[in-house]
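Accompanying notes for the structure given below.
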Amino acid sequence: MADVKILDGGLSSELDAGGFLIKGDPLWSARVLQTNPPAIKDVHLRFLKSGADVITTATYQASVVGFQKYLGLCVEDATELLRSGVKIAKEAADEFSSKTSDMKRPLIAGSVGPYGAFLHDCSEYSGSYVDEMSVEELTAWHRPQLQCLESAGVDLFALETIPSQKEAEAFVALLREFPNTKAWLSYSCKDELHTYHGEKFTDAINVAIKTTQLVAVGVNCSPPTIISPLLTSANKNNFDVQMIVYPNKGGVWDPNVGWSKTIYEKTLASYAEEWVDLGAKWIGGCCQTTPSDIAGLQQVLRSSQVK
């Protein structure tokens, strides 16, 4: 379907498969921005060649404070390194566009992870930290990341793997400081009805009605088997917002071990038509999904058989 945007897949998973030491690193794939930026560009290009309309920057676990702490950079250098994630993605998009007849330039989504990603304790899959933080504190934490990405010329923000409604509300408040920029917001969900922090998914989506800057709201980095029930619950409430879904392949994340292996009989692409029927307008993959998974999505979503 021409009106469905195809996202990329697991950038960090691809780097990990390529031999980069992602597991156990408090900066995760963001460290590669400093150590090997061409490797990041190569992954972006592979996803674009597989059919992605949108690529996300390698900045999910990047922060000015994190780069100061773990790389020993000054504020100026840390800021520039975070901005480089957008620069690398733009270079990949320009190179891809120069070699294709497709007139549409890929979108660059600036990845912004939850505060729990910085904590490096898996709390992006619980949201426990929001119980001790105010909306204002969360807003203050995320502000520098959004400032860097916007100043680097990102097309939109990818506010992703958000475990709680409270942190989403902080993002919605913060977006007002960037009135010329759009975003999508996607939650991490623990089951067919709830975010990882425990709010009802339908209640959490209500944050979208508080701003016109969100182009889509949905779920990412959650098992593909719970996506359809989550979309169904959203449909019952007639939300006037596009839905975005990009699940992982299941399993449990351990920062020192990585993803536990979970094997699903169905491919990511085999869910695509059902998700489209349930209203998804942005579809892709998250952790453990590969360029071949995105190619499968592209084949299904661009097929004349999908109505």
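The values are calculated or read from the model by the stated rules, or taken from the named source; none is laboratory data. Computed from a prediction, not measured in an experiment: that's the story for all the values here. As a convention, Cβ positions derive from the backbone with ideal geometry for all residues, glycine included, and neighbour counts pool all protein chains shown. Surface accessibility is based on the protein's heavy atoms, side chains included, excluding ligands, DNA and RNA. Shrake-Rupley method; radii C 1.70, N 1.55, O 1.52, S 1.80 Å.
Which one is modelled with the lowest pLDDT, of the residues in segment 192-229 that are in contact with a Cys (Cβ under 7 Å, 6 or more places away or on another chain) and on the phi < 0 side of the Ramachandran plot?
Residues of segment 192-229 in contact with a Cys (Cβ under 7 Å, 6 or more places away or on another chain): 195-196, 201, 219-222, 226.
With the extra rule that they be on the phi < 0 side of the Ramachandran plot, the set shrinks to 195-196, 201, 219-220, 222, 226.
Numbers: T195: 97, Y196: 96, F201: 96, V219: 97, N220: 96, S222: 93, I226: 96.
Selected residue: S222.
Of the residues D77, D94, D8, which is open to solvent by 40 Å² or more (accessible area, probe 1.4 Å) and within 30 Å of V300 (Cβ to Cβ)? Break it down stepwise before answering.
Values: D77 fails: within 30 Å of V300 (Cβ to Cβ); D8 fails: open to solvent by 40 Å² or more (accessible area, probe 1.4 Å).
Selected residue: D94, the only one of D77, D94, D8 that is open to solvent by 40 Å² or more (accessible area, probe 1.4 Å) and within 30 Å of V300 (Cβ to Cβ).
Say whether the condition of being open to solvent by less than 40 Å² (accessible area, probe 1.4 Å) and farther than 24 Å from G24 by Cα is met by at least one residue in segment 107-128.
Yes, segment 107-128 contains at least one residue that is open to solvent by less than 40 Å² (accessible area, probe 1.4 Å) and farther than 24 Å from G24 by Cα.
For the structure I just gave you, tell me whether V86 is of a type outside the set (S, T, N, Q), under 25 Å from I244 (Cβ atoms) and open to solvent by less than 10 Å² (accessible area, probe 1.4 Å).
Numbers: of a type outside the set (S, T, N, Q): yes; under 25 Å from I244 (Cβ atoms): yes; open to solvent by less than 10 Å² (accessible area, probe 1.4 Å): yes.
For V86, the condition - of a type outside the set (S, T, N, Q), under 25 Å from I244 (Cβ atoms) and open to solvent by less than 10 Å² (accessible area, probe 1.4 Å) - is met.
Every residue, every condition in (1) assigned to a loop (DSSP other than H, G, I, E, B); (2) at pLDDT 95 or above; (3) closer than 30 Å to K210 by Cα; (4) open to solvent by 60 Å² or more (accessible area, probe 1.4 Å), yes or no:
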{"residue": "N238", "(1), (2), (3), (4)": "yes, no, yes, yes"}
{"residue": "N248", "(1), (2), (3), (4)": "yes, no, yes, no"}
{"residue": "A269", "(1), (2), (3), (4)": "no, no, no, no"}
{"residue": "C287", "(1), (2), (3), (4)": "yes, no, yes, no"}
{"residue": "I294", "(1), (2), (3), (4)": "no, yes, no, no"}
{"residue": "Q305", "(1), (2), (3), (4)": "yes, no, no, yes"}
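Tell me which residues, restricted to segment 167-184, are among the charged types (D, E, K, R) and buried (at least 21 other Cβ atoms within 10 Å of the Cβ).
Passing the criteria: only E167.
Have a look at E91, E80, E76 and point out the one that is over 23 Å from F178 (Cα atoms), part of a helix (DSSP H, G or I) and not β-branched (V, I, T). Let's see the steps before the verdict.
Values: E80 fails: over 23 Å from F178 (Cα atoms); E76 fails: over 23 Å from F178 (Cα atoms).
The conditions single out E91.
Please tell me if K104 is part of a helix (DSSP H, G or I) and open to solvent by 20 Å² or more (accessible area, probe 1.4 Å).
So K104 fails the test.
Report, by residue number, each residue of segment 111-129 that is in a loop (DSSP other than H, G, I, E, B), in contact with a strand residue (DSSP E or B) (Cβ under 9 Å, 6 or more places away or on another chain) and either under 17 Å from E199 (Cα atoms) or free of Cβ contacts under 8 Å to residues at least 60 places away in the same chain (or both).
Residues satisfying the conditions are G113, P114, G127.
Please find, within segment 185-205, the residue that is most open to solvent (accessible area, probe 1.4 Å) out of those that are among the hydrophobic types (A, V, I, L, M, F, W, C) and under 13 Å from P229 (Cα atoms).
Keep residues of segment 185-205 that are among the hydrophobic types (A, V, I, L, M, F, W, C), which gives 185, 189, 193, 201, 204-205.
Those left that are additionally under 13 Å from P229 (Cα atoms): 189, 193, 201.
On the way: C189: 0, L193: 101, F201: 1 Å².
Checking each candidate, the answer is L193.
So A2 passes all but one of these: (1) open to solvent by less than 50 Å² (accessible area, probe 1.4 Å); (2) modelled with pLDDT under 95; (3) of a type in the set (A, V, I, L, M, F, W, C). Which condition number does it fail?
Here A2 clears every test but (1).
Can you name the condition, by its number, that E150 falls short on among (1) of a type outside the set (S, T, N, Q); (2) in contact with a Cys (Cβ under 7 Å, 6 or more places away or on another chain); (3) under 27 Å from F47 (Cα atoms)?
(2)
Go through the residues of segment 31-48 one by one and say whether even a single one is in contact (Cβ under 8 Å) with a residue 60 or more places away in the chain, farther than 21 Å from L119 by Cβ and open to solvent by 10 Å² or more (accessible area, probe 1.4 Å).
Scanning segment 31-48 turns up at least one residue that is in contact (Cβ under 8 Å) with a residue 60 or more places away in the chain, farther than 21 Å from L119 by Cβ and open to solvent by 10 Å² or more (accessible area, probe 1.4 Å).
Does W282 count as modelled with pLDDT of 95 or more and either open to solvent by 40 Å² or more (accessible area, probe 1.4 Å) or closer than 25 Å to K210 by Cβ (or both)?
Here the answer is yes, as W282 does meet what is asked.
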